[in-house]
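So the structure is just underneath, and the comments pick up after that.
The values are calculated or read from the model by the stated rules, or taken from the named source; none is laboratory data. Given the structure is predicted, the values throughout are model-derived calculations rather than measurements. So basically every Cβ, Gly included, is an ideal-geometry build from the backbone, and we count neighbours across all protein chains shown.
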Amino acid sequence: MDRMIPGRGDRGLTLVELMVTLVVLSITLVVGAPALQRLIHGNQLRAEAGRLVTAINLARSEAIIRNLPVSLCPSSTAAAGTATCAGEYAGGWIVFSNADRDRVVDEGTDELIRVFEPIPPGYTLTNRAGTRGVSDLITYLPDGSSRRNRTLLVCAPLERGTRGWSIVLNMVGRVRVSAGEGQCPASVT
């Protein structure tokens, strides 16, 4: 015996209801996806700036602990396997004790402290004006000072619509991160 509950027949979606649902879902995705993408890339940018700040703070603290100059320089050591200062920071960087304050990791006197991977493809690391890549040696002295002011700028690919993050070092050796201090380059190379 088939018993049917009154008022509850087999019911599904009509074609019109299905089309309205798909239109609403499409509009939500079109409006929400770029904002979500900007959020993700903004977080990636902040993380890359944080990695560089970590390396700078490591160099400063190691200089104080070791009572020796410690330097940070661009290096593709992670990819090449040899500790040499060459290229720009976007390709990776190393922190090493640097007794003679040069751009060379001397066998026997200098010690490689840590190797950092390159920044993701498409992201840039430039000077504050955004006119050139950064390749300067950053050296901390045993008193924890760097004796030089400088600003580095981490930028996302232009189509992502995010502002850059600046890493600002002062002569005393302190480092801070700030949003929007500087000009990201007009084109990504």
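Structure data summary
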quantity	calculated
Which numbered condition Val70 misses (of (1) surrounded by fewer than 20 Cβ atoms within 10 Å (Cβ to Cβ); (2) in contact with a Lys or Arg (Cβ under 9 Å, 6 or more places away or on another chain); (3) hydrophobic (A, V, I, L, M, F, W, C))	(1)
Strands (runs of 3 or more DSSP E) contained in region 95-159 and holding at least 2 residues within 17 Å of Thr82 (Cβ to Cβ)	112-116
Exclusive hit being over 18 Å from the mean Cα position of the chain (by Cα) and modelled with pLDDT under 85, set Ala99, Ala78, Ala83, Ala129	Ala83
Selection within region 132-163 - crowded, with 20+ Cβ neighbours inside 10 Å, small (Gly, Ala, Ser) and modelled with pLDDT under 85	Ala156
Residue match in region 103-115 (condition: closer than 30 Å to His41 by Cα and crowded, with 17+ Cβ neighbours inside 10 Å)	yes
Members of region 115-133 found to be of a type outside the set (Ser, Thr, Tyr), within 10 Å of Leu153 (Cβ to Cβ) and touching a helix residue (DSSP H, G or I) at 6+ places or on another chain (Cβ under 8 Å), listed by number	Leu125
Tally, over region 114-150, of residues that are among the aliphatic types (A, V, I, L, M) and over 18 Å from Val104 (Cα atoms)	3
Qualifying residue in region 160-179 (condition: over 14 Å from the mean Cα position of the chain (by Cα), free of Cβ contacts under 8 Å to residues at least 24 places away in the same chain and more than 15 Å from Asn57 (Cβ to Cβ))	no
Matching residues, region 102-120, being small (Gly, Ala, Ser) and under 17 Å from the mean Cα position of the chain (by Cα)	none
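For (1) surrounded by fewer than 15 Cβ atoms within 10 Å (Cβ to Cβ); (2) in contact with a strand residue (DSSP E or B) (Cβ under 7 Å, 6 or more places away or on another chain), each residue gets a yes or a no:
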position: Asn43; (1), (2): yes, no
position: Ile64; (1), (2): no, no
position: Pro74; (1), (2): no, yes
position: Thr84; (1), (2): no, no
